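Peer 1: The structure under discussion is supplied below as structure tokens; questions concerning it will follow.
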Amino acid sequence: MALKITVIGTGYLGATHAAAMAELGFEVLGLDVVEEKIDMLRRGEVPMYEPGLGELLRKHVAGIEGSSGRLRFTTDYAEVAAFGDIHFVCVNTPQRHGEYACDMSYVDAAFASLAPHLTGPALVVGKSTVPVGSADRLAAYLAEHAPAGEDAELAWNPEFLREGFAVNDTLHPDRIVVGVRSEKAEKLLREVYATPVEEGSPFVLTDFPTAELVKTSANSFLATKISFINAMAEVCEAAGGDVAKLAEAIGYDDRIGKKFLRAGIGFGGGCLPKDIRAFMARAGELGADQALTFLREIDSINMRQRGQMVELARQALGGGSFLGKRVAVLGATFKPDSDDVRDSPALNVAGQIHLQGGQVTVYDPKGMDNARRIFPTLGYADTALDAVRGADIVLHLTEWREFRELDPAALGEVASTRLVLDGRNALDPELWRRAGWTYRAMGRPTA
Ligand code: UDX
């Protein structure tokens, strides 16, 4: 009989995982403690913007015409425990307020709610990003609190999906990493991932701590690449070099690779910043803090980029204060193809200029509602053209395709001054210059 799968937590990770499991042919029950989210998902609506996820949900959510009916949702842990052979825990682990360490309260609450209902054999699989050592602790918790005792087992299976590519990354992962303590757990997870493995995804079998560490070290490496190229941008700026050319040239070395070498205002979002901080905090607890002191520098280079963008804008406007200056901001989300504004460098830059007296107008293709919610005092426009109308300077801060496809000549007609700063090194300088704009980017020559 086909395995029955439950997914606990229906954010970016859980909603996508649940839909993907249904797509792979399993019967799936998703759980969230937020009723409104569950109501939306039952109607096949996605609580956030994620390309392709709505279509995949509607293909499988029970009750939707023409769907496979394999995917249902609930808020009831007893129903989840009774239904599933495998329970994926996909709740979030945000940064704790005022601390580097991550907040494990959602994970702990999920285990506390599920464990007492586990009366028969079950495999609980952690997918959330957690400090190393959590899986050991949670396995002991299950053994103590699940009535099934040793029959309720734990495995750790970190998730590497990127927002904006979540569906594809889940159905066709670069690799599947699985930490297990028994052959039974391994067998069940091989069954779950049989299709992607057949299609070529490597299956990496390991222990709990390694599985947990793969996730945090991968994100640390990615953060390091970005801060490395941003450090090179600073040096290029000082020496008159071009960081975009430099990135292209070093990227041809496939030991280095081209990806994640785009200099600009740096990384943000719900993962990289908090993951490197939580990793440092955990290493400190383990007495290995010296090993990760470099991450402090990675973090500080990253945060410095935002301030440098503000400074570049000030200099470009003549070096005085922002008072009375009209600043158009293109982009609010932390990256394109997402509506996520968590720790967004774009909004941070917009906010700094606003707080220094600039008259900021923001436009983003998908992030407006979230941006308005967390930064209601900024100005907002419904289109890029409206944001640019009357602007003394245009800041390009999130590299949406829509912005690359803008017609600089048309924008030039409505702007007060043809001055654009590309905080993502993603616009075509020649295109803008030909339309009469002064184009500036971080780490690149002025003309
Ligand atoms: C990241 C990891 O990529 C993913 O594997 C993990 O599961 C979760 O964290 P995500 O947060 O969706 O995914 O974003 P990602 O695409 O990694 O981008 C992170 C940030 O880095 C964005 O703000 C992006 O704009 C920035 N970035 C990325 C750069 O500044 N330069 C680059 O070259 C690449």
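Peer 1: For segment 416-426, name all the residues that are more than 24 Å from Phe260 (Cα to Cα), among the aliphatic types (A, V, I, L, M) and either touching a Lys or Arg at 6+ places or on another chain (Cβ under 7 Å) or buried (at least 22 other Cβ atoms within 10 Å of the Cβ) (or both).
Peer 2: none
Peer 1: Could you say whether any residue in segment 281-297 is modelled with pLDDT of 95 or more, polar (S, T, N, Q), surrounded by fewer than 20 Cβ atoms within 10 Å (Cβ to Cβ) and over 30 Å from His354 (Cα atoms)?
Peer 2: Within segment 281-297, one or more residues are modelled with pLDDT of 95 or more, polar (S, T, N, Q), surrounded by fewer than 20 Cβ atoms within 10 Å (Cβ to Cβ) and over 30 Å from His354 (Cα atoms).
Peer 1: Please return the ranges of helices (runs of 4 or more DSSP H) entirely within segment 369-443 where 2 or more residues are within 15 Å of Gly331 (Cα to Cα).
Peer 2: Details: elements: 384-388, 401-404, 408-414, 429-434.
It comes to 384-388, 401-404.
Peer 1: Is there any pair linking a residue in segment 76-90 that is closer than 10 Å to Leu114 by Cα to one that is surrounded by fewer than 18 Cβ atoms within 10 Å (Cβ to Cβ) and at pLDDT 95 or above, with Cβ under 8 Å and at least six apart or on different chains, and which?
Peer 2: So the pair list comes out as Tyr77/Ser113; Val80/Thr74; Ala81/Thr119.
Peer 1: Now, a different point. Is it the case that Glu65 is assigned by TED's automatic domain parsing to the domain that holds Leu123, of a type in the set (Asp, Glu) and in contact (Cβ under 8 Å) with a residue 12 or more places away in the chain?
Peer 2: The answer is no for Glu65.
Peer 1: Quick one: which residue in Leu246, Leu272 is closer than 22 Å to Ala350 by Cα and either at pLDDT 95 or above or of a type in the set (S, T, N, Q) (or both)?
Peer 2: Being closer than 22 Å to Ala350 by Cα and either at pLDDT 95 or above or of a type in the set (S, T, N, Q) (or both) holds for just one of Leu246, Leu272, which is Leu272.
Peer 1: Can you tell me which residue is farthest from Asn92 (Cα to Cα) among those in segment 169-209 that are under 18 Å from the mean Cα position of the chain (by Cα) and part of a helix (DSSP H, G or I)?
Peer 2: So the residue we want is Leu171.
Peer 1: Of all the residues that make up segment 319-348, how many are among the polar types (S, T, N, Q) and either within 9 Å of the ligand (Cβ to nearest atom) or in contact with a Cys (Cβ under 8 Å, 6 or more places away or on another chain) (or both)?
Peer 2: Qualifying residue count for the region: 3.
Peer 1: Tell me whether segment 160-168 contains one or more residues that are under 16 Å from Phe88 (Cα atoms) and of a type in the set (A, V, I, L, M).
Peer 2: Yes, because at least one residue in segment 160-168 is under 16 Å from Phe88 (Cα atoms) and of a type in the set (A, V, I, L, M).
Peer 1: Moving to a separate point now. How many residues does segment 230-283 contain that are farther than 22 Å from Asp340 by Cα, in contact with a Leu (Cβ under 8 Å, 6 or more places away or on another chain) and not β-branched (Val, Ile, Thr)? Explain how you work it out, then say what you get.
Peer 2: Residues of segment 230-283 that are farther than 22 Å from Asp340 by Cα, as a first pass: 230-258, 279-283.
Among the residues that remain, those that are also in contact with a Leu (Cβ under 8 Å, 6 or more places away or on another chain) are: 232, 236, 247, 250-251, 279-280, 283.
Filter again for not β-branched (Val, Ile, Thr), leaving 232, 236, 247, 251, 279-280, 283.
Qualifying residue count, segment 230-283: 7.
Peer 1: Going through segment 236-276 one residue at a time, which ones are among the β-branched types (Val, Ile, Thr) and either surrounded by fewer than 22 Cβ atoms within 10 Å (Cβ to Cβ) or closer than 30 Å to Glu212 by Cα (or both)?
Peer 2: Ile250, Ile256, Ile265, Ile276 - these are the residues of segment 236-276 that are among the β-branched types (Val, Ile, Thr) and either surrounded by fewer than 22 Cβ atoms within 10 Å (Cβ to Cβ) or closer than 30 Å to Glu212 by Cα (or both).
Peer 1: Given the criterion assigned by TED's automatic domain parsing to the domain that holds Met48, within 12 Å of the ligand (Cβ to nearest atom) and within 29 Å of Ala109 (Cβ to Cβ), identify the matching residue among Pro158, Pro147.
Peer 2: The unique qualifying residue is Pro158.
Peer 1: Additional query: Of (1) within 27 Å of Thr438 (Cβ to Cβ); (2) in contact with a Gly (Cβ under 8 Å, 6 or more places away or on another chain), Asp337 satisfies all except one. Which?
Peer 2: Against the list (1) within 27 Å of Thr438 (Cβ to Cβ); (2) in contact with a Gly (Cβ under 8 Å, 6 or more places away or on another chain), Asp337 comes up short only on (1).
Peer 1: Could you figure out which of (1) within 16 Å of the ligand (Cβ to nearest atom); (2) out of contact with any Asp or Glu (no Cβ under 9 Å at 6 or more places or on another chain) isn't true of Cys102?
Peer 2: With (1) within 16 Å of the ligand (Cβ to nearest atom); (2) out of contact with any Asp or Glu (no Cβ under 9 Å at 6 or more places or on another chain) applied to Cys102, the lone miss is (2).
Peer 1: May I ask you to list the residues in segment 408-447 that are acidic (Asp, Glu) and under 26 Å from Glu248 (Cα atoms)?
Peer 2: Within segment 408-447, Asp422, Asp428, Glu430 meet the criteria.
Each row is one residue, and each column tells you yes or no for (1) of a type outside the set (S, T, N, Q); (2) crowded, with 21+ Cβ neighbours inside 10 Å; (3) modelled with pLDDT under 95.
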position: Ala278; (1), (2), (3): yes, yes, no
position: Ser300; (1), (2), (3): no, no, no
position: Arg304; (1), (2), (3): yes, no, no
position: Gly319; (1), (2), (3): yes, no, yes
position: Leu323; (1), (2), (3): yes, no, no
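Peer 1: On to the next question. Quick one: Glu150 ticks every box in (1) part of a helix (DSSP H, G or I); (2) surrounded by 15 or more Cβ atoms within 10 Å (Cβ to Cβ) except a single one, so which number is it?
Peer 2: For Glu150, the failing item is (2).
Peer 1: Here's a follow-up. For segment 9-123, give me every one of the helices (runs of 4 or more DSSP H) that falls completely inside it and has 2 or more residues that are out of contact with any strand residue (DSSP E or B) (no Cβ under 8 Å at 6 or more places or on another chain), crowded, with 23+ Cβ neighbours inside 10 Å and of a type outside the set (Val, Ile, Thr).
Peer 2: Once the helices (runs of 4 or more DSSP H) in segment 9-123 are filtered for at least 2 residues that are out of contact with any strand residue (DSSP E or B) (no Cβ under 8 Å at 6 or more places or on another chain), crowded, with 23+ Cβ neighbours inside 10 Å and of a type outside the set (Val, Ile, Thr), what remains is 12-23.
Peer 1: Name the residues in segment 293-347 that are more than 27 Å from Glu402 (Cα to Cα) and of a type in the set (Asp, Glu), would you?
Peer 2: Selection gives Glu297, Asp299.
Peer 1: When you look at Leu213, is it buried (at least 16 other Cβ atoms within 10 Å of the Cβ), near the ligand (Cβ under 10 Å from one of its atoms) and either closer than 21 Å to Leu161 by Cβ or hydroxyl-bearing (Ser, Thr, Tyr) (or both), yes or no?
Peer 2: Against the criterion (buried (at least 16 other Cβ atoms within 10 Å of the Cβ), near the ligand (Cβ under 10 Å from one of its atoms) and either closer than 21 Å to Leu161 by Cβ or hydroxyl-bearing (Ser, Thr, Tyr) (or both)), Leu213 does not qualify.
Peer 1: Collect the residues in segment 354-368 that are within 19 Å of the chain's Cα centre (by Cα) and either within 16 Å of the ligand (Cβ to nearest atom) or in a loop (DSSP other than H, G, I, E, B) (or both), keeping them in residue-number order. Walk me through it before giving the result.
Peer 2: Going through segment 354-368, the residues within 19 Å of the chain's Cα centre (by Cα) turn out to be 364-368.
Hits for segment 354-368 are Asp364, Pro365, Lys366, Gly367.
Peer 1: Does at least one position in segment 349-365 carry a residue that is in contact with a helix residue (DSSP H, G or I) (Cβ under 9 Å, 6 or more places away or on another chain), crowded, with 24+ Cβ neighbours inside 10 Å, closer than 21 Å to Thr446 by Cβ and among the small types (Gly, Ala, Ser)?
Peer 2: No.
The values are calculated or read from the model by the stated rules, or taken from the named source; none is laboratory data. For clarity, every value in this text was computed on a predicted model and none was experimentally measured. Glycine also receives a Cβ, built like all others from the backbone with ideal geometry; neighbour counts cover every protein chain displayed.
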